[in-house]
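Input: a single structure, listed below in structure tokens.
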Amino acid sequence: MEPRISVIIPCFNAAPWVAATLESALAQTWRDREILLVDDGSLDESLQVARRFEERGVRVVAQANAGASAARNHGLRLARGDYVQFLDADDLLSPDKLTAQVEALRGAPEGAIASSRWGRFAGDPAGTRFTDDAVFRDFAPAREFLIHQSDTSDMMHPAAWLVPRRVADEAGPWDESLTLNDDGEYFCRVLLRASVVRFAPAGSAHYRSALPGSLSRRRSRTAMASLHRSILLYSGHLLAAEDSPRVRAALANHWRRVQFELYPDAPDLSADAGRRSRAMGSSQVPFPFSPALRALAAVFGWKLARRLQRRRQA
């Protein structure tokens, strides 16, 4: 029998985009699938828009607002598929995405996870920019992806993965205490329980980015604390799987980038990230400054340059 795929869509205040997201899930050429949308206490018309798709087979459930991770966990409890596809309510999948990934997993070792191309778009998905192509390949064992990611900051968008249900069950639920980078921590656990990553070049995931108010753009103390804690957990997971010089060198780079990201919104957490980077070894990762700010940092220090950079971004 062909495997069934559960498409799990957490939704909060996504009324302008959720119809397009559901259409992209319904347009999948892989027919044996279920689509589950969990509305997380939306205050706009999201739930009403989603209800219109029930007659086309979409299962829509509502819960009191508890966060995206809680909505995903609710979806996982309801899902009955052999594979899990997470899809945020403002993102899209190409029609062949699931089919391409199932085909890529045929003959793969047990516990293999599939990836796909992914890119960012702001308005028209036809203008999606695919930039992290260094991860558009196989990884064996699967934790090689995590080491590469830590070393380089190359990422895989959550919707680009197709996860075997058994691997998801072994990884455990999403951490509902995390708000920012909850996906990074979750997929770290998933990849450490997967055997290999099989890349499917034919399909793609499309990340609607730069939306005002999105979680990834928040700079509150809560968001910064979540980022710091997520990397702390990620580092612990990876070191438990392989405590080696190459892993420590990669994590030194990871923590150095986090040190930069946390400043100046959470200077204490930034300082802690710097200490953790140094404890892992020497990192020479350059901070992402323009040439002018790089020159300023060389004279007056990176913190002043970072404050000026954040002021311009505000």
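The values are calculated or read from the model by the stated rules, or taken from the named source; none is laboratory data. These figures come from a predicted structure and were not determined experimentally. Here Cβ is always computed from backbone atoms with ideal geometry, including for glycine, and neighbour counts include all displayed protein chains.
Within segment 164-180, the residues that satisfy the criterion of being out of contact with any helix residue (DSSP H, G or I) (no Cβ under 7 Å at 6 or more places or on another chain), closer than 11 Å to Arg193 by Cα and not basic (Lys, Arg) are Pro164, Asp169.
Only one entry of Gly119, Gly111 meets the criterion of being closer than 30 Å to Ala252 by Cβ, small (Gly, Ala, Ser), part of a strand (DSSP E or B) and at pLDDT 95 or above, and that entry is Gly119.
The strands (runs of 3 or more DSSP E) found wholly in segment 1-94 and carrying at least 3 residues that are under 27 Å from Thr179 (Cβ atoms) and within 19 Å of the chain's Cα centre (by Cα) occupy 5-11, 33-40, 83-86. Looking at this structure, is Arg189 touching a residue at least 40 places away in the same chain (Cβ under 8 Å), outside any loop (DSSP other than H, G, I, E, B), surrounded by 23 or more Cβ atoms within 10 Å (Cβ to Cβ) and of a type in the set (D, E, K, R)? Against the criterion (touching a residue at least 40 places away in the same chain (Cβ under 8 Å), outside any loop (DSSP other than H, G, I, E, B), surrounded by 23 or more Cβ atoms within 10 Å (Cβ to Cβ) and of a type in the set (D, E, K, R)), Arg189 does not qualify. For segment 131-158, which positions are out of contact with any helix residue (DSSP H, G or I) (no Cβ under 8 Å at 6 or more places or on another chain), modelled with pLDDT of 95 or more and in a loop (DSSP other than H, G, I, E, B)? Those that are out of contact with any helix residue (DSSP H, G or I) (no Cβ under 8 Å at 6 or more places or on another chain), modelled with pLDDT of 95 or more and in a loop (DSSP other than H, G, I, E, B): Phe136, Arg137, Asp138, Ala140, Pro141, His157. Kindly indicate the residue of segment 134-156 that is of a type in the set (Gly, Ala, Ser) and either under 19 Å from Arg193 (Cβ atoms) or free of Cβ contacts under 8 Å to residues at least 12 places away in the same chain (or both) and also surrounded by the fewest Cβ atoms within 10 Å (Cβ to Cβ) among those meeting that condition. So the residue we want is Ala140. The residues of segment 80-94 that are out of contact with any Asp or Glu (no Cβ under 7 Å at 6 or more places or on another chain) and within 14 Å of Asp32 (Cα to Cα), listed by number, are Asp82, Tyr83, Val84, Gln85. Cβ separations smaller than 9 Å between residues 6+ apart or across chains give the following pairs from segment 273-301 residues that are closer than 28 Å to Ser230 by Cα and touching a residue at least 24 places away in the same chain (Cβ under 8 Å) to residues that are of a type in the set (Val, Ile, Thr) and not in a loop (DSSP other than H, G, I, E, B): Ala273/Ile231; Ala273/Val258; Arg276/Ile231; Arg276/Val258; Ser277/Val258; Met280/Val247.
When you go through Asp82, Asp91, Asp96 one by one, which is the residue that is surrounded by fewer than 17 Cβ atoms within 10 Å (Cβ to Cβ), in contact (Cβ under 8 Å) with a residue 40 or more places away in the chain and not basic (Lys, Arg)? None of the other options fit; the residue is Asp82. Given the criteria acidic (Asp, Glu), under 13 Å from Ala79 (Cβ atoms) and in the same structural domain as Arg166 (by TED's automatic domain parsing), does Glu45 qualify? It is false that Glu45 is acidic (Asp, Glu), under 13 Å from Ala79 (Cβ atoms) and in the same structural domain as Arg166 (by TED's automatic domain parsing).
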